[in-house]
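Okay, structure first, notes after.
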Amino acid sequence: GSTLTDLQQALEDYLPVLLGLVENGNWLKHNLRFCWINQEDDVEETTMSDSWYEVLSVLHLMAVLLLSQANLLLLPNKFTSGYQSTALEDCKRASIDIFLKAAGYLDFAVQKVLPQLPLELRNDLPLDLSEGVLKALCLQALGQGVEIQLGMAIDSIKATLAVKRRLACEMVKYWHQAEEYIKDLPLANGWGEKHKLFIQWKHIEAKAIAYYLHGLILEEGSTSAGIAAAALQAAEEYLKESKMACDSFHVTLPSSRNPPPWGASKYLAERIPKDISSKTINWDSQKHEMIKQVAPALPDFVLSLKPDEYQLPSTDPSWNDLQVQNVVPTK
């Protein structure tokens, strides 16, 4: 019955105590068995006698809790009518910070904690904690952070079309990288398959809005009308594809509700059908793949969002007291 915040605090309090088990020379490091229930692996639970496995699992859970907190912040029904606009903007900004913090936990887990596990144990890790899933989750958090930035730019009269395009193109890169890490993993059960479908859906959706904004900029420049039209046509095709990917995600068990679009997704759904029909070439409906092949390349921008830097906390001082009393012998 704990709230997400309470559970997050409990894990943060637990981690310094846990780190006493992974200190060099601690005889308890391999003497305790840790068991976790899996979500994305066909194996229901995984037990290992290595304290680094517990550290990895705790960091993963802390990141997932943050992703859940960001999701709750963005639910529209929590705002009252008089303060909805201001409160929603504040929640959007706060959610970006939470996404970056979650990415920091996951990046640290991949870079610093996974290498502490022997190779044979790393091969036995559940898919939930595999390097591919951890990296995909990290990039997913960054991609969702950019999506919030893009939605805010769309709502701002000060944001230029070029700024919106850059954010959209960055979003494509984050989701593309996330999909590369996860696409070949055997995520066959409900939650694992749903995770894979979510990343595929968001990647396609990001392409739709990036091509739409890119096409609008090409129209304004000296580029030929045909190239601009090809980009806009690609946007329309990716929009159709993203709707199908969205439906596939929601109907996959455990089924989920398809909420009304908002933010960048709402902009995409409203503007593309309205703006593109009069501007694009009349392609045969069967030439879906050809339309995407002839579309101009999207601009390549350096990714701006990075995971927050994270360091493990100091070991709980009670471990020093125990060693002084010879309660916990060292090798």
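Solvent-accessible area per residue in the chain equals 51 Å², computed with a 1.4 angstrom probe and all protein chains kept.
Order these peptides, 138-151, 179-192, by their mean beta-carbon neighbour count within 10 angstrom, highest first. Write down the numbers at each step before the final one.
Numbers: 138-151: 25.3, 179-192: 16.9.
Ranking, from highest mean packing down: 138-151, 179-192.
Only protein atoms count toward the accessible area here, which uses a 1.4 Å probe; on the chain, the carbon and sulfur part of that area reaches 53 percent.
Rounded to the nearest Hz, the phi-derived 3J(HN,Hα) couplings of segment 252-266 under the Karplus curve 6.51 cos²θ - 1.76 cosθ + 1.60 (θ = phi - 60°) are 5, 5, x, 5, 9, 7, 8, x, x, x, 8, x, 4, 5, 5, where x marks glycine and proline. Note on LEU303 and ASP42: with the Förster distance fixed at 45 Å, the Cβ-Cβ geometry gives a FRET efficiency of about 0.85. For helix 190-220, report the angle its Cα long axis makes with the longest principal axis of the Cα atoms of the chain; keep it between 0 and 90° and round to the nearest 10°. Relative to the chain, helix 190-220 is tipped by roughly 40 degrees. Residue by residue, segment 33-41 carries 3J(HN,Hα) couplings of 9, 10, 10, 10, 7, 9, 9, 9, 9 Hz when phi is fed to the Karplus relation 6.51 cos²θ - 1.76 cosθ + 1.60 (θ = phi - 60°); x denotes Gly or Pro.
Show me 300-312, 162-174, 258-270 ranked by packing, highest mean number of other Cβ atoms within 10 Å first.
Working: 300-312: 13.5, 162-174: 22.6, 258-270: 15.9.
Those peptides, ordered most packed to least, come out 162-174, 258-270, 300-312.
All other residues whose Cβ lies under 12 angstrom from that of SER256 are scored, Lys and Arg at +1 and Asp and Glu at -1, for a net of +1. Helix 84-108 and the longest principal axis of the Cα set of the chain meet at an angle near 50°. With a simple spin-label model that places each label point 7 Å from the Cα along the Cα-to-Cβ direction, the separation between LEU61 and ASP97 comes to 2.6 nm. The simple Förster model, with R0 at 22 Å and r as the Cβ-Cβ distance, assigns LYS240 and LEU75 a FRET efficiency of 0.20. Each label point was placed 7 Å from the Cα along the Cα-to-Cβ direction; for LYS183 and CYS35 their separation is 3.9 nm. Near ARG33, once Lys and Arg are set to +1 and Asp and Glu to -1 for all other residues with Cβ below 13 Å from its Cβ, the sum equals -2. Protection proxy ranking of 116-127, 51-62, 227-238, by the mean of other Cβ atoms within 10 Å over each peptide's residues and highest first, is 227-238, 51-62, 116-127. The calculated Kirkwood hydrodynamic radius for segment 3-327 is 21.8 Å, given to one decimal from all distinct C-alpha pairs. Computed extension gain for GLU89 through ILE157, at 0.36 nm per residue and net of the alpha carbon distance, reaches 23.0 nm.
By the helix-only formula, in which each DSSP H run with n ≥ 4 contributes -39500 (n - 2.57) and the sum is divided by residues, the chain has a 222 nm mean residue ellipticity of -20500 deg cm²/dmol.
Which entries of LYS101/LYS158; LYS173/LYS243; LYS112/LYS164 show an alpha-carbon separation above 26 angstrom in the structure shown? Violating the 26 Å limit, Cα to Cα: LYS101/LYS158; LYS112/LYS164. Computed from Cα positions, the angle between helix 161-182 and the longest principal axis of the chain comes to roughly 50 degrees.
Amide H to amide H distances under 5 Å link ASN38 with GLU45, THR46, where only residues 5 or more positions off or on other chains count and H is placed in the peptide plane.
Per-residue Karplus couplings for segment 123-137, computed as 6.51 cos²θ - 1.76 cosθ + 1.60 with θ equal to phi - 60°, are listed in order as 6, 9, 5, x, 4, 3, 10, 5, 4, x, 5, 5, 5, 4, 5 Hz, Gly and Pro entered as x.
The values are calculated or read from the model by the stated rules, or taken from the named source; none is laboratory data. Every value quoted in this text rests on a predicted model; they were computed, and no experiment measured them. Here Cβ is always computed from backbone atoms with ideal geometry, including for glycine, and neighbour counts include all displayed protein chains. Each accessible area value is taken on the protein alone, full model and side chains, heavy atoms only, with ligands, DNA and RNA left out. Shrake-Rupley method; radii C 1.70, N 1.55, O 1.52, S 1.80 Å.
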